[in-house]
Each structure stands twice: as structure tokens, then as C-alpha cells.
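Below you'll find the structure, written out as C-alpha cells, and then a few comments.
The values are calculated or read from the model by the stated rules, or taken from the named source; none is laboratory data. Computed from a prediction, not measured in an experiment: that's the story for all the values here. Cβ coordinates were reconstructed from backbone atoms using ideal geometry, including for glycine residues, and neighbour counts include every protein chain displayed. Ligands, DNA and RNA are excluded from the accessible area calculation, which covers all protein heavy atoms including side chains. Shrake-Rupley method; radii C 1.70, N 1.55, O 1.52, S 1.80 Å.
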Amino acid sequence: IVTWPYDESHQMIEECMVAANEAVAKELWTRGVKILARLHEPPDPEKILLLRSELRGLGVKMGNIENPKVFAQFLKSIKKNPLYPTLSTMILRSMKKAVYDSSTIGHFGLAKKYYAHFTSPIRRYPDLTLHRQLTDYLANPSKAKRPPKLLERWAAHTTEREEIATEAERALVEIKKFRLMERELATRQIQDYEAVIVKCTPFGCFVEIPESGVSGLVHISRLSDRFVKFNESDQSLSAPGGGRWRIGERLRVHIARVDFDNRRLDFVPVRDAGPRRRGRA
């Protein structure tokens with residue numbers, strides 16, 4: 001289980017794909033041909049305020065991301081951040097979901113006025129429909145148009161199927177992560193990991209291992225032998241006489257318990273270790 005690299009070759013291919021998607025969407029939409037557009041609406045202001053506060057705790061400045069162009073640049077800038085998996089999840093929670101739509105067009109996240117999916121026709125049906133419409137348009141512009149009610153049904157159906165596929169993919173990856181942690185406990189080949197605190201609560205702090213995206217809870221009873229207080233003002237935890245845990249800070253941990261049925265992982269700081277074989281992540 002590793003995070004995918006995001007080097008120059010990936011970025012070049014991504015830019016070419018986005019350019020193709022935009023070009024075809026613009027060509028057909030501005031010619032009066034309605035398509036399955038990829039619609040991404042602006043986020044709610046309240047969620048942006050909350051996101052800004054959370055990212056500030058991680059030392060990440062957003063700027064005026066209410067501006068789509070600033071937001072698109074911000075997304076590019078964080079992809080090389082070691083906390084990218086965590087940041088990406090936090091940002092996605094704050095955004096509205098992208099959907100397929102036959103009557104409205106525009107993509108806030110990419111700062112595009114015209115946008116559709118065109119570059120993956122062998123795995124996404126909306127891309128295939130756009131290929132067919134473009135082919136028809138090049139042969140005879142009047143043939144490219146589809147009945148509005150039909151496009152509307154396609155948009156609703158493909159959005160629903162995408163959500164199901166995305167959830168299935170996410171669940172499968174999560175299962176693999178839990179199996180990995182289960183194997184460590186079963187074989188006693190328990191590794192020490194450099195984790196990052198991504199959220200603090202009155203009962204403990206949630207940590208994430210950046211290199212694999214595995215996340216879980218460190219309970220307050222494992223952080224200190226003394227009373228641990230939750231500080232709502234800065235979303236941190238502290239213990240009398242020393243000890244403070246904040247969002248964005250690193251914490252070396254190892255797995256302590258795997259609850260596969262409830263999808264829960266419990267970690268402990270390495271100083272709280274029992275007998276185990278120590279390894280390096």
C-alpha cells in the first residue's frame with residue numbers, strides 16, 4: 001500500500017486530458033449541442049470558513065479560494081505536500097460533489113466554464129456518449145443533438161453509477177489497509193510509523209500515516225497518565241505538567257487493535273509499547 005507519485009509526467013498527461021475535455025465541451029456546448037457536462041458547483045461559504053480554520057491548524061494557507069482560479073492553483077500547490085492525502089480528504093469534505101448534468105455546465109474546482117468527460121471512453125459511459133456526439137457533429141451537426149429528456153436520464157443514471165463505483169473502490173482499498181494492520185498483529189511484525197495528527201477530539205486524536213493513507217485513533221488514555229483536556233479554541237489536547245497535541249504535529253505510533261467489523265483502528269504512541277518486534281515503516 002503506497003501513495004501514487006505525482007511527478008512531471010503525471011502532471012503533463014493530466015493537463016492534456018483536462019485540455020481535451022474542455023475543448024470538446026466548449027466546441028459542442030457553444031454550438032448549441034447539449035451534452036453530459038461535468039458540473040461542479042461552488043462550495044457553501046460556511047464550509048469554506050471551517051476548511052480555512054482546519055487547514056490553518058496544519059500550517060496551510062489557502063488564499064481567496066472562493067475565486068475558482070485561485071482554488072485551482074491551490075489544489076495544484078498541495079499535491080507535493082507530504083500531508084496531501086489528509087489535505088485532499090479535508091478539501092473534498094468541504095466541496096460539493098461533481099455530477100453529470102445535461103442543462104448546466106461549469107467546473108469550480110478546475111476553474112473551467114466549459115467542461116465534460118471525454119478522455120476515458122473505455123471505462124466511463126459519459127465519455128463514450130461525448131465521443132459519439134462529436135463523431136456525429138463532425139459528420140453532420142444536426143445529428144449530434146440528443147433528446148433533452150434522454151440526456152437528463154443519462155445524467156442522473158451515470159451520476160448514480162459513479163457514486164456506487166467510487167464507494168466500492170474506496171471500500172476495497174480500506175479493506176486492504178485493515179488486512180495489512182491485522183497481519184502485523186497476527187505475525188507480531190509490528191511496525192513503527194510516522195503519523196500526523198489530523199483531528200483532535202475530547203476522547204483522543206485521529207492520526208494518519210501519510211505514506212499509506214491508513215488512519216486511526218490514539219485514545220487520550222494512551223497519550224498521558226494524567227487528565228487530558230480538549231481545548232476547543234485551537235482544537236488541541238493538553239495534559240497538566242506537559243504534553244500537548246495539535247493538528248499537523250507528527251506522532252510516532254504503532255497499531256494496537258483492529259476492529260474490522262466496525263472499521264476502526266487503534267494506535268498507541270511507541271513509548272507506550274509492549275513487547276513487539278520493532279520495524280521501520
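Odds and ends about this structure:
- A DSSP coil position with no more than 12 other Cβ atoms inside 10 Å describes the following trypsin sites (Lys or Arg not before Pro) in region 21-109: R31, K61, K97.
- Shape annotation for region 21-73: C-alpha extents along the principal axes are 46, 20, 14 Å, from largest to smallest.
- Percent accessible area from carbon and sulfur atoms, region 211-276, protein chains only, probe 1.4 Å: 44
- Quotient of C-alpha Rg and 2.2 N^0.38 Å, computed over region 163-281: 1.11
- Computed with every protein chain present, the accessible area of L36 is close to 0 Å² [probe 1.4 Å].
- Comparing Cα centroids, region 205-258 and region 119-193 end up 35 angstrom apart.
- With Cα atoms, 0 to 90° folded angle of helix 45-57 axis to the chain main axis: 40
- Trypsin sites (Lys or Arg not before Pro) restricted to DSSP loop in region 168-238 with at most 10 other C-beta within 10 Å: R188
- For region 13-127, with all protein chains in place and a probe radius of 1.4 Å, 56% of the accessible heavy-atom surface sits on carbon or sulfur.
- Using θ = phi - 60° in the Karplus curve 6.51 cos²θ - 1.76 cosθ + 1.60, the 3J(HN,Hα) couplings for region 222-230 round to 8, 7, 7, 7, 9, 5, 9, 9, 8 Hz; x is entered for Gly and Pro.
- Angle between the chain longest axis and helix 84-94 axis [Cα atoms, degrees, rounded to 10]: 60
- Simple Cβ-charge dipole of region 99-162, Lys/Arg +1 and Asp/Glu -1, about Cα centre, in debye nearest 20: 140
- Helix-only CD estimate at 222 nm, as mean residue ellipticity for the chain, using -39500 (n - 2.57) per DSSP H run (n ≥ 4): -13500 deg cm²/dmol
- Debye intensity ratio I(q)/I(0), log10, region 125-165, q values 0.22, 0.25 Å⁻¹ (C-alpha model): -0.73, -0.85
- Average accessible surface for region 163-235: 58 Å² per residue, computed with a 1.4 Å probe over protein heavy atoms with every protein chain in place.
- For region 101-136, applying the loop criterion from DSSP together with a ceiling of 15 other beta carbons within 10 Å to the trypsin sites (Lys or Arg not before Pro) yields K113, R123.
- The phi-based Karplus calculation (6.51 cos²θ - 1.76 cosθ + 1.60; θ = phi - 60°) puts the 3J(HN,Hα) values of region 68-74 at x, 5, 5, 5, 4, 5, 4 Hz, whole numbers, x for Gly and Pro.
- Computed from backbone phi, the HN-Hα couplings of region 147-159 come to x, x, 5, 5, 4, 4, 5, 4, 4, 5, 5, 5, 5 Hz, rounded to whole numbers (Karplus: 6.51 cos²θ - 1.76 cosθ + 1.60, θ = phi - 60°; Gly and Pro given as x).
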